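Scroll down for the structure; my scribbles are underneath it.
The values are calculated or read from the model by the stated rules, or taken from the named source; none is laboratory data. Note that this is a predicted model, so its numbers are computed, not measured. No Cβ is skipped: glycine too gets one built from the backbone with ideal geometry, and neighbour counts run over all protein chains shown.
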Amino acid sequence: MNRQTYIQLQNITKSFGTVVANSKIDLSVHKGEIHALLGENGSGKSTLMNVLSGIYTPDSGSIIIDGREVCFKSPADSIAMGIGMVHQHFKLVEVLSAKENIIIGQKGNFFINQKRLSEQIGKLARKLGLDIDPDKKVYNMSVGEKQTVEILKVLYRGAEILILDEPTAVLTPQETQKLFDIMRKMREMGCAVIIITHKLNEVMEISDRITVLRKGEAVATLDKSATNINELTELMVGRPVDLSIKRLENQKKETILKVSNLTLVDDDNVKVLQNVSFDLSKGEILGVAGVAGSGQKELCEAIAGLYEVYSGDIRYEGESLVGKTPREIIKKGVSMSFIPEDRLGMGLVASMDIVDNLLLKDYQNHKGFLIDRKPLKEKAEQLVKRLDIKTPGVNHPVKQLSGGNIQKVLLGRELDSNPHLLITAYPVRGLDIGASYTIYDLLNEQKAKDVAILYIGEDLDVLMELCDRIMVLCNGEITGIVDAAKVTKEELGLMMAGVCLEKIKGGSSYA
Amino acid sequence: MDAASLAAYAALFLTAAVKAGTPLLYATLGETITERSGNLNLGVEGMMLMGAVAGFQFGLITRNPLFALTAAMLAASLGSLIFAFLTVTLRANQVVSGLSLTIFGAGIAGFIGQKLSGQVVPASVKAWFYPVKIPLLGDIPGIGQILFNHDILIYLSYMLAIGLGIYLFNTRKGLNLRAVGENPAAADAAGIGVSLYKYVHILAGGALCGLGGAYLSLVYVPAWQENITAGRGWIAVALVIFVAWNPYKALLGAFFFGGLDILGLYLQKFDIKVSQYIINMLPYIVTILVLVFTSIKKSKENAPPKALGVPYFREDR
């Protein structure tokens, strides 16, 4: 195989204020290889790739592409060198159509030939085995479709270096496989593909070589064939990590939450949740699986009092929560932490520091007109220590922390209120192993304290290991509630696609 | 009044509405491309005043309409350059910067205009702006008189509105501009020079506002008077929302608001007594109604550019 070095990053250093995100990083990528960039949260993977794609200007170091040293003043320079990046938070214009998004910033005729453009994009899509409607507006697209547009955008420019930042975080297992096929196709075409990820089994499946980053430094570059998951984890985290999630056995205890025939409608009167019934007992973790947008968010919000109930009932310790305000529900010991795709949308105020974000939920418990920050500052410091939150200080705006640390702040605050029922949605979204396991441990800790947990998750492996039971949603309806220890991944996948449990098991046991 | 003379009177009113709407149209088109780049420039009133006074002053000195119009555009662009530097390069607050520009422009126009009060536009300049009937189109009954029996600047405004519509919706540059206003980070990642686009369109937008102002002082009035714009810049800001950042709709919207502007004058004939103050409120009341309806509909197509008013910094995290 062709093993010539295509991209070479030498001694790249980049810092933001006092935070050094990249420190003297060397990286070389060959033509026709899939190179995985692996690292803990805040280890500088995205920063490094943003340097390569011209978004960040490095403080020092050099970039050599195809033997020539280049200096990127803007993303335009990087694009001109054949580099294309699919960002973790998609960079798409919502009100424009797929094809318009694909050609923005492109050179070409002054006027746009709509018909020919659609044909070109259709042809490219077919060549890669992608399915796309060039005239569909981005705001009408699912996450998977948006990613397809992003990939086409990059390939339409004829990019020879493709950078994917956490591409599988939002995909179903089937979509992930499709993405991998495209990546392999690109490798065959002689392109260099760099994938940023923290999912180790994906790294082992798709990559040829792996570079591990830790705390802004490149620790090692390995051939996939010469390494294994345990070694990679150790390199990433800096110490051996136990990769199994322990499931605390729970004895059947009293029911704390009982949802019956819950139906919710959206602004256009479309049912987003239909006849959902389940119950949750103390010390139990009930997992919720489903393709993104199957009604998980609405379910969480309805329980927390943020979404109007259309019909049905939600009973918490025997008392109906329907019609209660969020504050009343919080007072009863229900706590919700929802991690939206952009991580900051709900729950935290980005420009405020940790102390003030804690205050947001705590101020009601104080007497008097003025606020006293001192006890909360102590609490914030405890939180930082206990959850190992990486921050220059508790008075630092949370938006400047890395994603995982922001999530720790949010979850930490929710746990701090000692809830009896914890609703947590995507708590490990986009997190690396080390941080994820901290979160799983935290949840188990709560479980041991008899807290009932509703866990909305993405990773089926984790759901199966962590939860007691798993409820599967498809288009707002329950397609099955199963015992997590007895179900298989394939069965879950089928239920996520809308096949009822009865059909799979022939009408046998409801766990 | 019989039907025939009523129709003639209505045609007269509509012809006047087109003329009254022209300064609004220029300013609205200018503000539309400015806002499409994601920058909310509330200095329209100030830039119109700067254009009005510069156009008038240079018309007096040079007696040449082209120099006068060029001076008007340059003066207003200079105003918008201040705004662009503050908001694009220094990423200052756009609302405050725009408001200061309005106050600054009014001050300049007042200062220079002191000596101009009562002066009239020279005949050599005026001669350029006499109504010219367009052959064929001007002969269409009704429409011909209303739309195609005007001065050259009105025809230019038609072409500008249509040209900008084509630019915005059918060309690559226009597409890039929309991307910059909607999501500058996406535009930047796609290799578009975000700051350059912003500067170019803020400056061009300023020039158009200046042209709108010059139309007032050189053609519409045509003499110098204190505060010649009388709030038209603010109406233009409202109009941009009314026409949903669309140059084609701006054409209709501007004539509609032009009609509202002169409504009081033309109602006098019918012995309907409506206070001029109420009439003056109409454009704003209509804008409020439009805001109410568009917010209820929540149409994504008619929404403002998503990044409007938000400064862009590439390395922001």
Considering region A:96-127, residues that are in a loop (DSSP other than H, G, I, E, B) and either away from chain B (no Cβ under 12 Å) or surrounded by fewer than 21 Cβ atoms within 10 Å (Cβ to Cβ) (or both), and then whichever is nearest to the chain's Cα centre (by Cα), we arrive at A:Gln106
Out of (1) within 14 Å of another protein chain (Cβ to nearest Cβ); (2) buried (at least 19 other Cβ atoms within 10 Å of the Cβ); (3) in contact (Cβ under 8 Å) with a residue 60 or more places away in the chain, the one A:His89 does not meet is (2)
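Okay, residues lined up against (1) part of a loop (DSSP other than H, G, I, E, B); (2) within 30 Å of B:Ala8 (Cβ to Cβ):
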position: B:Ala84; (1), (2): no, no
position: B:Ala92; (1), (2): yes, no
position: B:Leu99; (1), (2): no, no
position: B:Gly105; (1), (2): no, no
position: B:Gly110; (1), (2): no, no
position: B:Lys115; (1), (2): yes, no
position: B:Ser124; (1), (2): no, no
position: B:Trp128; (1), (2): no, yes
position: B:Pro141; (1), (2): yes, yes
Checked pairs for region A:238-250, first in the same structural domain as A:Gly434 (by TED's automatic domain parsing), second among the hydroxyl-bearing types (Ser, Thr, Tyr) and part of a loop (DSSP other than H, G, I, E, B), C-beta under 6 Å and 6 or more apart or across chains, list as none
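Yes/no matrix, rows are residues, columns are (1) modelled with pLDDT of 90 or more; (2) β-branched (Val, Ile, Thr); (3) out of contact with any Asp or Glu (no Cβ under 8 Å at 6 or more places or on another chain):
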residue: A:Ala159; (1), (2), (3): yes, no, yes
residue: A:Thr172; (1), (2), (3): no, yes, yes
residue: A:Ile194; (1), (2), (3): yes, yes, yes
residue: A:Thr211; (1), (2), (3): yes, yes, yes
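Across region B:69-126, which residue is nearest to B:Leu218 (Cα to Cα) among those that are hydroxyl-bearing (Ser, Thr, Tyr) and surrounded by fewer than 17 Cβ atoms within 10 Å (Cβ to Cβ)? Quick ask: steps written out before the conclusion?
Just the residues of region B:69-126 that are hydroxyl-bearing (Ser, Thr, Tyr), to begin with: B:70, B:77, B:80, B:87, B:89, B:97, B:100, B:102, B:117, B:124.
Among the residues that remain, those that are also surrounded by fewer than 17 Cβ atoms within 10 Å (Cβ to Cβ) are: B:89, B:117, B:124.
Working: B:Thr89: 34, B:Ser117: 13, B:Ser124: 11 Å.
Out of the qualifying residues, it is B:Ser124.
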The condition of being of a type outside the set (D, E, K, R), touching a Lys or Arg at 6+ places or on another chain (Cβ under 8 Å) and more than 23 Å from A:Glu249 (Cα to Cα) holds, among A:Ala497, A:Ala435, only for A:Ala435
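Among the strands (runs of 3 or more DSSP E) contained in region A:264-381, which hold 1 or more residues that are free of Cβ contacts under 8 Å to residues at least 60 places away in the same chain, more than 22 Å from A:Ile453 (Cα to Cα) and not charged (D, E, K, R)?
It comes to A:311-316.
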Counting only residues that are at pLDDT below 85 and part of a loop (DSSP other than H, G, I, E, B), region A:476-506 contains a total of 5
Here the residues within region B:147-175 that are surrounded by 16 or more Cβ atoms within 10 Å (Cβ to Cβ), within 14 Å of another protein chain (Cβ to nearest Cβ) and hydrophobic (A, V, I, L, M, F, W, C) are B:Leu168, B:Leu175
All conditions in (1) assigned to a helix (DSSP H, G or I); (2) surrounded by 16 or more Cβ atoms within 10 Å (Cβ to Cβ); (3) in contact (Cβ under 8 Å) with a residue 40 or more places away in the chain; (4) out of contact with any Lys or Arg (no Cβ under 8 Å at 6 or more places or on another chain) are true of B:Gly264 except (3)
Across (1) surrounded by 16 or more Cβ atoms within 10 Å (Cβ to Cβ); (2) out of contact with any Cys (no Cβ under 9 Å at 6 or more places or on another chain), A:Ile456 clears everything bar (2)
If we ask which residues in region A:229-263 are part of a loop (DSSP other than H, G, I, E, B) and closer than 30 Å to A:Val309 by Cβ, their number turns out to be 4
* To do: Determine whether region B:290-303 contains at least one residue that is part of a loop (DSSP other than H, G, I, E, B) and away from chain A (no Cβ under 14 Å).
  => no
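Answer with yes or no whether A:Phe90 is out of contact with any Pro (no Cβ under 8 Å at 6 or more places or on another chain) and under 23 Å from A:Ala36 (Cβ atoms).
yes
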*asked:* I'd like to know if region A:151-169 contains one or more residues that are within 14 Å of chain B (Cβ to nearest Cβ), surrounded by 21 or more Cβ atoms within 10 Å (Cβ to Cβ), at negative phi and touching a Phe, Trp or Tyr at 6+ places or on another chain (Cβ under 7 Å).
replied: no
Scanning region A:382-425 for residues that are assigned to a helix (DSSP H, G or I), of a type in the set (S, T, N, Q) and over 26 Å from A:Leu463 (Cα atoms), the one modelled with the lowest pLDDT turns out to be A:Gln400
Quick count over region B:267-289, residues being part of a helix (DSSP H, G or I), loosely packed, with under 11 Cβ neighbours inside 10 Å and of a type in the set (Ser, Thr, Tyr), is 1
Across region A:128-150, the tally of residues that are within 25 Å of A:Pro75 (Cα to Cα) and within 13 Å of another protein chain (Cβ to nearest Cβ) stands at 6
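Here are some residues: B:Ala223, B:Ala230, B:Ala244. Which one is more than 13 Å from the chain's Cα centre (by Cα) and either farther than 25 Å from B:Ala71 by Cβ or not aliphatic (A, V, I, L, M) (or both)?
B:Ala244
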